[in-house]
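Let me begin by presenting the structure, written as structure tokens, before commenting on it.
The values are calculated or read from the model by the stated rules, or taken from the named source; none is laboratory data. Because the structure is a prediction, the values reported are computed rather than measured. When we count neighbours, we look across all protein chains shown, and the Cβ atoms used for this are built from the backbone with ideal geometry, even at glycine. These area figures cover heavy atoms from the full protein model, side chains too; ligands, DNA and RNA do not enter into them. Shrake-Rupley method; radii C 1.70, N 1.55, O 1.52, S 1.80 Å.
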Amino acid sequence: MEKITQLTSTTTVLAIDDVDTDQIVPARYLTATTREGIGKALFADWRFDANGNEIADFPLNQPGAADRRILVAGRNFGCGSSREHAPWALLDFGIQAVISSEIADIFRNNSLKNGLVPVIVDTDTHQWLLDNPGAEVTVDVEARELRLPSGKTVGFPIDPFARHCMLEGVDHTGFLLQNMDNITEFEANRSWQP
Amino acid sequence: MGGKSLFEKVWDDHVVVPETEDTPAVFYIDLHIVHEVTTPQAFNMLRESGLPVRRPDLVLATMDHSTPTVPITNLDESLDAASDPEPANQIRAMVKNCADFGIELHGFGSAQRGIVHVIGPEIGATQPGKTIVCGDSHSSTHGAFGAMGFGIGTTEVCHVLATQCLLQRKPKSMAVNITGKLKPGVGAKDVILALIGKMGVDGGTGHVIEYRGETIRGLNMEERMTICNMTIEGGARAGMIAPDETTFEFLKGRPQAPQGADWDAAVERWRKLVSDDDAVFDKEVNLDVSDLEPHVTYGTNPGMVVPISQNVPSDKGDASFRKAIEYMQVEADQPMLGTPVDVVFVGSCTNSRMTDLRAVARILDGKQVAGGVRMLVVPGSQAIKDKAEEEGLDKIFTAAGAEWREAGCSMCLGMNSDKLGKGELCVSTSNRNFEGRQGPGGRTVLASPETAAASALAGVIADPREAL
């Protein structure tokens, strides 16, 4: 995982609630055995028509969208399937943070393990961001806050361990591996065995 | 201090290292189910790190998502003939990964192959009090046995393979109390659809649900699995039901269930897996199902659902609602009953078990699927396929004009050859009606097996209570 302390970018806005991971990466793109190039599948059925041509009014197809690193999405982003291909595709496309008033659990967990920052804000801030596509904002992982163009800052929750891993650029696996002795001891001392 | 809930008892029993402010808990997993789609990158991570699989004996492996549901006599020949090389590569990778890491694979030709969440309970690997994960969000199904089952991502699949543990923060708890006697023609699928309609698709986010109440006690294990299966559609990762005699009776004698004296000891332990009377839940929801109707979805998520006799809701100006009904080609305030149907799909980890197939057979028996309607009946496992054929259900399906297939996820998720065409409307017993879920441009109406069967005969969305 790459180190990430803060990121500043203009936003792309996808003002739809309950965007599910089948939209983020349709299932027919899950047949790969690696994660390389998965960005091409991002929102494939919303970005492209049946002939593979870009649908001009889809937010990620608009001029400048390819350079924007922050996605503002409707409430409950990332619901549905557990596919980690969803954060992989967003990252491969260039999105490094997703802001919403609510983000689904599994997507949020998967994002934190890959360096995609899930930013949950209050509904007023969320509405302002939805109403102002292209606003330049800063997601500050270190300070746990979002800075708006007005200079106003809004705090967001992030698990301290996930934050530590992002700031240091280390993955979560290492911490588990450090606990191997504890795991062995747990297995030996259980009152029943699976 | 209050007593403990079922979830808290299972949680506490699996904490290897408690969580602190700075670090999540190291949390032990008793059963890890793996399939071909969400594991190849995890096995690659193991190879890159030079790590072995810590407990191959606690891994249950099969292939279900991208597999064909037409008969296969020779896997290699069949894969060579596949029009798209990617699913074939994925299936071959699964065979190789299991061989390389010493995991037994219930692959093609195995009498135990089937959908991940169907075979776990079927072979008795799913048991009360276990923690069960899989790189599939419908892992919540296993909660029907008083296990804590939840879906994980591919990085977490790697974590469990390498360490048999996950890093977890303790979720909040939620009690869903279901009371009332279900009327004929109304079943577990209608209960869970109604509940998601009430809670919304994010109503359970951050919580583990415990389904309680007299209605739940009266359900058989297959019905309980249908309820727990769709827990994730309400945003909660896990849904649990306290084990009881119905649970023990289901498990007794299954190949991986404890045997002899071990069985007695296990049942004694399992009987304690109930919420204490003074257990406190972070949230409670009540649902009276006495007057519940069959339910169908009208939109593009499982929360967009109506009782079958009622109309699509009115347009209140919500952009997501408009986008959904436009995609579904339905109008606000229109009835769902009578909507023309192109395809009927009976299958998936939600409704592909014997009670589902028997319910469909009862309605189809001696009748014909309406002209122009394609109906697929796909058993959840090889064992279910064999049992259904033993009971002659396959003959009823095929005589009615339906296709009887090999076990697999099939048309639930549009990643094998069973897909909807653009614009086709499918009444489906599966769990997700997301845009394009069953194939690009396909339109899904979620329903019970009974509603699916009645609609197949009528050629339009039909009320199963009239077909009984």
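Applying the criteria of a DSSP loop state and at most 16 other Cβ atoms within 10 Å to the trypsin sites (Lys or Arg not before Pro) of region B:136-231 yields B:ARG169, B:LYS181. Cross-link pairs exceeding 32 Å between alpha carbons, from the set A:LYS3/B:LYS422; A:LYS152/B:LYS198; B:LYS172/B:LYS272: A:LYS3/B:LYS422; A:LYS152/B:LYS198.
Using the Karplus curve 6.51 cos²θ - 1.76 cosθ + 1.60 with θ = phi - 60°, what ³J(HN,Hα) values do you get for each residue of region A:71-83, in whole Hz, with x for Gly and Pro? Per residue, the Karplus-derived 3J(HN,Hα) values read 9, 9, 10, x, 4, 6, 6, x, 6, x, 4, 7, 3 Hz. With 40 Å² as the minimum drop in accessible area between chain alone and full protein complex (1.4 Å probe), the qualifying residues in region B:172-221 are B:VAL201, B:ASP202, B:THR205. Once A binds B, the 1.4 Å probe can no longer reach about 4900 Å² of accessible area, counting both sides. Placing +1 on the Cβ of every Lys and Arg and -1 on the Cβ of every Asp and Glu, with nothing else charged, gives region B:194-332 a dipole about its Cα centre of roughly 400 debye.
Between rounded, prolate and oblate, where does chain A land on the alpha carbon gyration tensor, with a ≥ b ≥ c its root eigenvalues, rounded for a/c under 1.5, else prolate if a/b exceeds b/c? Judged from the Cα gyration tensor, chain A comes out oblate (a/c at least 1.5, b/c at or above a/b).
Per residue, region A:6-189 exposes 38 Å² of accessible surface when a 1.4 Å probe is rolled over the protein heavy atoms with every protein chain present. For region B:289-407, carbon and sulfur atoms together expose 46% of the accessible surface, with a 1.4 angstrom probe and every protein chain in place. Rolling a 1.4 Å probe across the protein heavy atoms gives chain B an accessible surface of 34 Å² per residue. Applying both filters, DSSP loop and at most 10 other Cβ atoms within 10 Å, to the GluC sites (Glu not before Pro) of region A:1-98 gives A:GLU2, A:GLU36. When only Cα pairs below 8 angstrom with a gap of at least 6 residues are kept, chain B shows a relative contact order of 17 percent. Each Lys and Arg adds +1 at its Cβ and each Asp and Glu adds -1 at its Cβ; summed about the Cα centre, region A:46-98 shows a dipole of about 220 debye. Residues whose amide H comes within less than 5 Å of that of B:ARG113, counting only those at least five positions distant or on another chain, are B:GLN382 (H built at 1.01 Å from N in the peptide plane). The loop-placed trypsin sites (Lys or Arg not before Pro) in region B:413-468, going by DSSP, that have at most 16 neighbouring Cβ atoms within 10 Å of their Cβ come out as B:LYS422.
Dipole size of region B:295-466 about its Cα centre, with +1 on Lys/Arg Cβ and -1 on Asp/Glu Cβ: approximately 220 debye, rounded to the nearest 20.
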